[in-house]
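J.: Questions regarding the structure given below will be posed in turn.
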Amino acid sequence: MGMTMTQKILAAHAGLDRVEAGQLINAKLDVVLGNDITTPVAVNEFKKAGFDKVFDKDRVAIVLDHFVPNKDIKAAEQSKTCREFACAHCVSHFYDVGKMGIEHALLPEQGVVTAGDCIIGADSHTCTYGALGAFSTGVGSTDMAAGMATGMAWFKVPSAIKFNLTGKLPPNCSGKDVILTIIGMIGVDGALYKSMEFTGDGVASLSMDDRLCICNMAIEAGAKNGIFPVDEKTVAYMNGRCEREPVVYEADADAVYERVINIDLSSIVPTVACPHLPENTHPARELGHIRIDQVVIGSCTNGRMEDMEAAYKILRGKTVADGVRCIIIPGTMQILRECVERGYYTAFIDAGAVVSTPTCGPCLGGYMGILAAGERCVATTNRNFVGRMGHVDSEVYLASPHTAAASALTGYITEYKEV
Amino acid sequence: MKTQGKAFKYPDNVDTDVIIPARYLNTPDAKELALHCMEDIDKDFVKAVRVGDVMVAGHNFGCGSSREHAPLVIKTCGVGCVIAKSFARIFYRNAINIGLPILECEEAADEIAAGHEVAVDFDSGIITDLTASKSYKAQPFPPFIQSIIKSGGLLKSLKEGERND
């Protein structure tokens, strides 16, 4: 009986020849990550337990991204706690304002994570790095503290669902429409405790940004991780970028999957998840005239260069509809810089949008675009729970950058059609 | 470990954003955070809850964010145990790591009504609805996880491990 790609990575990091689903293992970690909300809790636990040093200063990453530049005094105190801890332990991957980006856009971009890694992060969207062929999963602050202290974490080896991708996406669709379609199909706990392994001929046609977006939302189906095989595109992306040598793992031909789901990428349509669960998906074109007050294009799900490019192509030379606030948030400083260089920034402003420095801000209802009672937002973010972006009586519709930008121009949820 | 108290009943997919909204996460202080526990779906919860009470919920309890603040505020409010049909995996892990007792039991989660007096024996996994005079048996944890809980959480169990090496 063979192993899945995830099981192979876990076996290697546990020093075992083989593992099977359900087995409890202790695995070596390549990277331990935290942000400005989860790190202060971890620092407190780390100190309380009496630990005085991190296992490896080059394998801990602390990114200030949720509430920075600091939204208020309390947030400033949390950033300070992170900063002081990073300084005291000489954490080499500490990203403060000016260098920071949204963690899951930043770490792949900066080459901090690589293929074959075993990574934990005190942020649920840590599953993003599966796009590079790594095992990567979200944990809480106590796990982060334990990981920082010991360089190890316990895992229950997951079983897996295989997604066999074929065909090629239509031009008005992206990775976001793929993952929303899948979540709509299997539900918000459809992959609970499991791996989502993406494979098949269709993988080659997906860009790295598509794959990062798809793995990012694996948690929204309850999954432990999402993972893609390493192909030429992955290698080209990692080349000259990753600070450590990538290690390539492949699923065994006789690996056991709980379920195999076939997805024909050419049949994907622009998809929207309506309030208040990511599984509540509908084709954008079937939604009727749903008036909106705000559009957010950004987040760890869709704040990458291709997302900015999609927004630019749709917004350039046009004007955001009256009564709509359009907020665009490039995921990292490098992406922001590229938006400036390519003229996107000016085009966004001319269209009547605002552009912010990288932050998770509105996605989790922190700041930078909070909704009032009764307001509606089309967002390229990842969650649309009750009160997620502000008032409990506000609504978030999750969509791709194409759909979000097209909706910003009309003032209601709109399917983008290539012209 | 045992607990006894009133049942607060919740549906499927209770997410971490309603357990503790992110707008309050600018502090790691558990007592301050606990003042807002469940307020977006049950604004009376904080006023009504007493030490030892239990939460009874459907599938996928604690889905969403990795914020450990979620099990922490539930524990800080005095909740003695969360019984659900299933838990989202990060919440499950965090609850164990911080020492909030949780049990998976489909039948109990279905049948126990809001306001019923419930007793839970965490070691045996026996849940008793005292109001309805009915008992249920929940799945026990694997021994490895029980050892974390017995140590009082993950970090304490690691420290114990260090001493035994």
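The values are calculated or read from the model by the stated rules, or taken from the named source; none is laboratory data. Quick caveat, the model's predicted, so the values are computed rather than measured. Cβ coordinates were reconstructed from backbone atoms using ideal geometry, including for glycine residues, and neighbour counts include every protein chain displayed.
J.: Which of the numbered conditions does residue B:43 fail, given that it passes all the others? Conditions: (1) more than 11 Å from chain A (Cβ to nearest Cβ); (2) basic (Lys, Arg); (3) in a loop (DSSP other than H, G, I, E, B).
T.: (1)
J.: Additional query: Six or more apart or on different chains, Cβ atoms under 7 Å: show the pairs whose first residue is in the range A:198-215 and without any contact (Cβ under 8 Å) to a residue 40 or more places away in the chain and whose second is charged (D, E, K, R).
T.: That search, which allows pairs on different chains as well, returns A:203/A:231; A:204/A:231.
J.: Picking from A:80, A:162, which residue would you name as being surrounded by 19 or more Cβ atoms within 10 Å (Cβ to Cβ) and of a type in the set (Lys, Arg)?
T.: So the residue among A:80, A:162 that is surrounded by 19 or more Cβ atoms within 10 Å (Cβ to Cβ) and of a type in the set (Lys, Arg) is A:162.
J.: Residues of the range A:372-388 being in a loop (DSSP other than H, G, I, E, B) and more than 14 Å from chain B (Cβ to nearest Cβ), which ones?
T.: Restricting attention to the range A:372-388, the residues satisfying the condition of being in a loop (DSSP other than H, G, I, E, B) are A:372-375, A:380-388.
Result: A:374, A:375, A:380.
J.: Do the conditions hold for residue A:376, that is, is it surrounded by fewer than 17 Cβ atoms within 10 Å (Cβ to Cβ) and under 24 Å from residue A:175 (Cα atoms)?
T.: The answer is no for residue A:376.
J.: So which of A:222, A:240, A:202 is modelled with pLDDT of 95 or more, under 18 Å from the mean Cα position of the chain (by Cα) and not β-branched (Val, Ile, Thr)?
T.: A:222 is the lone residue from the list that is modelled with pLDDT of 95 or more, under 18 Å from the mean Cα position of the chain (by Cα) and not β-branched (Val, Ile, Thr).
Table: residues versus (1) free of Cβ contacts under 8 Å to residues at least 60 places away in the same chain; (2) in contact with a Gly (Cβ under 6 Å, 6 or more places away or on another chain).
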| residue | (1), (2) |
| --- | --- |
| A:251 | no, no |
| A:256 | no, no |
| A:268 | no, no |
| A:281 | no, yes |
| A:284 | no, no |
| A:320 | no, yes |
| A:326 | no, no |
| A:336 | yes, no |
| A:348 | yes, no |
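J.: Just checking, does the range A:354-370 include any residue being surrounded by fewer than 24 Cβ atoms within 10 Å (Cβ to Cβ), more than 23 Å from the chain's Cα centre (by Cα) and either not assigned by TED's automatic domain parsing to the domain that holds residue A:299 or not acidic (Asp, Glu) (or both)?
T.: no
J.: Look at residue A:143 and say whether it is charged (D, E, K, R), within 23 Å of the chain's Cα centre (by Cα) and surrounded by fewer than 18 Cβ atoms within 10 Å (Cβ to Cβ). I'd like the intermediate steps shown before the answer.
T.: Working: charged (D, E, K, R): yes; within 23 Å of the chain's Cα centre (by Cα): yes; surrounded by fewer than 18 Cβ atoms within 10 Å (Cβ to Cβ): no.
No, not satisfied.
J.: Kindly establish whether residue B:124 is within 21 Å of the chain's Cα centre (by Cα) and either within 14 Å of chain A (Cβ to nearest Cβ) or not in a loop (DSSP other than H, G, I, E, B) (or both).
T.: no
J.: Working only within the range B:65-120, note down all residues that are among the hydrophobic types (A, V, I, L, M, F, W, C), at the interface with chain A (Cβ under 8 Å from one of its Cβ atoms) and over 15 Å from residue A:142 (Cα atoms).
T.: B:88
J.: Quick test for you: out of B:2, B:31, pick the one residue that is within 14 Å of the chain's Cα centre (by Cα) and under 27 Å from residue B:150 (Cβ atoms). Lay out the reasoning, then the answer.
T.: On the way: B:31 fails: within 14 Å of the chain's Cα centre (by Cα).
After ruling out the rest, the residue left standing is B:2.
J.: Sticking with this one: Can you give me the number of residues within the range A:137-180 that are facing chain B (nearest Cβ under 10 Å) and hydrophobic (A, V, I, L, M, F, W, C)?
T.: So the count comes out to 9.
J.: Ok, one more. Filter the range A:102-136 down to residues that are away from chain B (no Cβ under 14 Å) and charged (D, E, K, R) and give me whichever is surrounded by the most Cβ atoms within 10 Å (Cβ to Cβ).
T.: Filtering the range A:102-136 for residues that are away from chain B (no Cβ under 14 Å) and charged (D, E, K, R), the one surrounded by the most Cβ atoms within 10 Å (Cβ to Cβ) comes out as A:117.
J.: Next up: Quick one: is residue B:58 within 11 Å of chain A (Cβ to nearest Cβ), small (Gly, Ala, Ser) and in contact (Cβ under 8 Å) with a residue 12 or more places away in the chain?
T.: For residue B:58, the condition - within 11 Å of chain A (Cβ to nearest Cβ), small (Gly, Ala, Ser) and in contact (Cβ under 8 Å) with a residue 12 or more places away in the chain - is met.
J.: Considering (1) under 14 Å from residue A:274 (Cα atoms); (2) more than 14 Å from every other protein chain (Cβ to nearest Cβ); (3) surrounded by fewer than 21 Cβ atoms within 10 Å (Cβ to Cβ), say which one residue A:318 fails and leave the rest.
T.: (1)
J.: Scan the range A:197-251 for residues that are in a loop (DSSP other than H, G, I, E, B), away from chain B (no Cβ under 14 Å) and of a type in the set (D, E, K, R) and jot them down.
T.: Selection gives A:231, A:241, A:243, A:244, A:245, A:250.
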